[in-house]
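**Student:** Shown below is the structure under consideration.
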Amino acid sequence: MADRDQSILARIAPSVGSIAAAEWDALAGHDPFTSHAFLTLLEDSQSVGRHSGWTPVPLLIDGADGALAAAASAYLKAHSQGEYVFDHGWADAWQRAGGNYYPKLQMAVPFTPVPGRRMLGDRSVSLIAAAEAVTRNNGLSSAHATFIAPQEVAGFEAAGWLLREGIQYHWQNRDYASFDDFLAALASRKRKAIRKERATAREGLEFLALRGGEIGPSQWDAMWHFYQDTGSRKWGRPYLTRAFFAGLGAALGDAVLLLLALRDGQPIAGALNLVGKDTVYGRYWGCSEEVPFLHFELSYYQAIEWAIAHGLASVQAGAQGEHKLARGYEPVLTHSAHFLPDRGFREAVATFLDGERRAIASEMGVLRGMLPYRSTDSE
C-alpha cells in the first residue's frame, strides 16, 4: 500500500517477532512496552494471537536503503477488551445500524494503558496513511491509536483523525531526597494519613523488591496467582498467560521490578512494575490475604520510595483511580486518535467526543483542586 504522497511503501509483517530485534529497538528507544522483547513475549506466550482477539499486523516502512525506517505495533481486534479506551458504545451503535464493527485496527500495546509513542521512527505521516489504507482497503469500521504520546497528537489531528482525552494519575518526583521529603510537601492532614496507612499495612509483614533475574520461579508462581485473582474479579478473564510471566524476567531483565509482601516468609501480595528510562510503571497487583491499605503500600508508596531511591522522575500507576489523588498522584490527560471512514458515523462520534472533552476539562479543574500538596503560604 502507498502512503499519502505515494513515495514510500508500507508493508504488514506477520508478527513483531518476525522482525529483527535490533532494527525494531533502534526505533523504539527506551520504552519497555514498545520494545521488541516485550511485544514478542506477548506473541510467543500466546497472550496475543490465536484465539485472543488480538491478531498482530505490525505496520512497517522501509527506507531507501532497505533498513526499517518506521514501525507501529498494530493488531486486528475482534473485540474491545484490554484497551482501556472504551468504545463499546460506538460498537453497539455501528452494529445496530447494520455494520460490523469488528475486526477493527488497533495501534496499541496490548493490555497496557501506558502513554508512549505509537509511531516509531520519523515517518509518522506515512504510518498514519498506512493505517488508513489498511482500514479502507479491508472494509474495516475504524482504526484507533490509543495512549499516544502528547507529541503525536498534532500529527493525527493534521491527518483528520478524531482526538479523545482521558485522565490518569501520575506521581512526579520534584527532586525529593527521601519519602519523608515527599511527605513534607503534603498538607499536614494528608501526611499523617499516609503515615498511618503505611504503619497499618506493614505491621507483621516483610517486604522485598526484586529485579529481573532475582525473581525466581516461586515468586513468579505467587505473582501469577495474585494476577489471576485480580484479573478474574476485574475483567472476568485475565488477559496474560502463565507463559508470559515465566518469560518476563528473562526477556526484560532489570526493567522488571517485583514488589512483594511476605508473612512468615510466604508472599501474600505482589505488585509487578516495569522500569523505563525515567519512570516506574505499575502494572499488576494482587493478594491472597486482605490487609488494610496493603494495596496502597505496595502499588503506590513503595513505588514512590523506589523511584526516589533510584532517581527516577515519575511513577505511573495504571488506569483510573481517583483515590490516587490523596496519595500524591496528580491528574494528567491521556490521548487517543480514531479514524472512522464512514462520514455519518464519524460525525456522530465527533459530537460525542466534543461533549466528553468539555466534561473532562471540567473534571480536571476539580481534580487539580483536590491535590494534597500544601500551599506555599500554609504550614
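**Student:** Name the residue that is farthest from Ala108 (Cα to Cα), counting only residues in region 53-70 that are at pLDDT 95 or above and of a type outside the set (A, V, I, L, M).
**Tutor:** Result: Gly53.
**Student:** Does Ala303 qualify as being out of contact with any strand residue (DSSP E or B) (no Cβ under 9 Å at 6 or more places or on another chain), among the small types (Gly, Ala, Ser) and assigned to a helix (DSSP H, G or I)?
**Tutor:** no
Matching residues to (1) of a type in the set (Ser, Thr, Tyr); (2) open to solvent by 60 Å² or more (accessible area, probe 1.4 Å):
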{"residue": "Glu297", "(1), (2)": "no, no"}
{"residue": "Ala303", "(1), (2)": "no, no"}
{"residue": "Leu312", "(1), (2)": "no, no"}
{"residue": "Ala317", "(1), (2)": "no, no"}
{"residue": "Tyr329", "(1), (2)": "yes, no"}
{"residue": "Leu340", "(1), (2)": "no, no"}
{"residue": "Glu347", "(1), (2)": "no, yes"}
{"residue": "Leu371", "(1), (2)": "no, no"}
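**Student:** Picking from Val134, Val125, which residue would you name as being closer than 24 Å to Val16 by Cα, open to solvent by 40 Å² or more (accessible area, probe 1.4 Å) and in a helix (DSSP H, G or I)?
**Tutor:** Of Val134, Val125, the one residue that is closer than 24 Å to Val16 by Cα, open to solvent by 40 Å² or more (accessible area, probe 1.4 Å) and in a helix (DSSP H, G or I) is Val125.
**Student:** Identify, from the list Asp229, Asp264, the residue that is surrounded by fewer than 16 Cβ atoms within 10 Å (Cβ to Cβ) and either modelled with pLDDT of 95 or more or under 30 Å from Arg174 (Cα atoms) (or both).
**Tutor:** The conditions single out Asp264.
**Student:** If I filter region 175-213 down to residues being part of a strand (DSSP E or B) and hydrophobic (A, V, I, L, M, F, W, C), which single residue comes out as surrounded by the most Cβ atoms within 10 Å (Cβ to Cβ)?
**Tutor:** Leu186
**Student:** So is Leu205 out of contact with any Pro (no Cβ under 9 Å at 6 or more places or on another chain) and aliphatic (A, V, I, L, M) or not?
**Tutor:** So Leu205 fits the description; yes.
**Student:** Further, regarding this structure: Could you grab me the full set of residues in region 154-174 that are part of a helix (DSSP H, G or I) and open to solvent by 30 Å² or more (accessible area, probe 1.4 Å)?
**Tutor:** Once the filter is applied, which keeps residues that are part of a helix (DSSP H, G or I) and open to solvent by 30 Å² or more (accessible area, probe 1.4 Å), region 154-174 yields Ala154, Gly155, Glu157, Ala158.
The values are calculated or read from the model by the stated rules, or taken from the named source; none is laboratory data. Owing to the predicted nature of the structure, the values given are computational and were not obtained by experimental measurement. Here Cβ is always computed from backbone atoms with ideal geometry, including for glycine, and neighbour counts include all displayed protein chains. With ligands, DNA and RNA removed, areas are computed over all heavy atoms of the protein, side chains included. Shrake-Rupley method; radii C 1.70, N 1.55, O 1.52, S 1.80 Å.
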